[in-house]
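Here's the structure we're looking at; comments come further down.
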Amino acid sequence: MYGYQIIRELEQQSRDVFILQEGTLYPILHTLEQQGAVTSYQQTADNGRMRKYYAITTNGQKLLNQKLKEWDVYQTAINQVIGGVLFE
């Protein structure tokens with residue numbers, strides 16, 4: 001996807017909870033590219049504009065899986081605190 005597509009996809013999948021500005025997304029994509037988590041290429045779109053497309057790499061998929069595991073631990077801990085005896 002190109003940057004604008006990524007922004008719209010995040011909005012749609014999050015039901016408008018995640019609304020990013022292009023100035024927020026592109027530094028993140030550049031950092032991920034420097035880390036080898038994504039690759040990019042430029043291509044002319046149907047409207048004649050040059051667009052930069054991004055794709056996740058094998059390394060990026062490994063990083064994503066690691067972050068998903070971290071999120072699961074964090075989410076489990078939060079759920080235990082919220083549903084735990086701390087608030088009784």
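Pick the calculated percent of Cα pairs over 19 Å apart for this structure from (i) 73; (ii) 57; (iii) 62? Here percent of Cα pairs over 19 Å apart agrees with entry (ii).
Taking all protein chains together, TYR4, TYR74 sort by accessible area into TYR74, TYR4, largest first [probe 1.4 Å]. Shown is the FRET efficiency for VAL17 and ALA55, computed with R0 = 22 Å from the Cβ-Cβ distance and rounded to the nearest 0.05: 0.35.
Protein heavy-atom surface of the chain, 1.4 angstrom probe: 55% of the accessible area is carbon and sulfur, with nucleic acids and ligands not counted.
Ranking THR24, THR58 by solvent-accessible area of protein heavy atoms (1.4 Å probe, all protein chains present), from largest to smallest, gives THR58, THR24.
The values are calculated or read from the model by the stated rules, or taken from the named source; none is laboratory data. Just so you know, these numbers come straight off a predicted model, no measurement behind them. Positions of Cβ are generated from backbone atoms using ideal geometry, with glycine treated the same way; all protein chains shown enter the neighbour counts. These area figures cover heavy atoms from the full protein model, side chains too; ligands, DNA and RNA do not enter into them. Shrake-Rupley method; radii C 1.70, N 1.55, O 1.52, S 1.80 Å.
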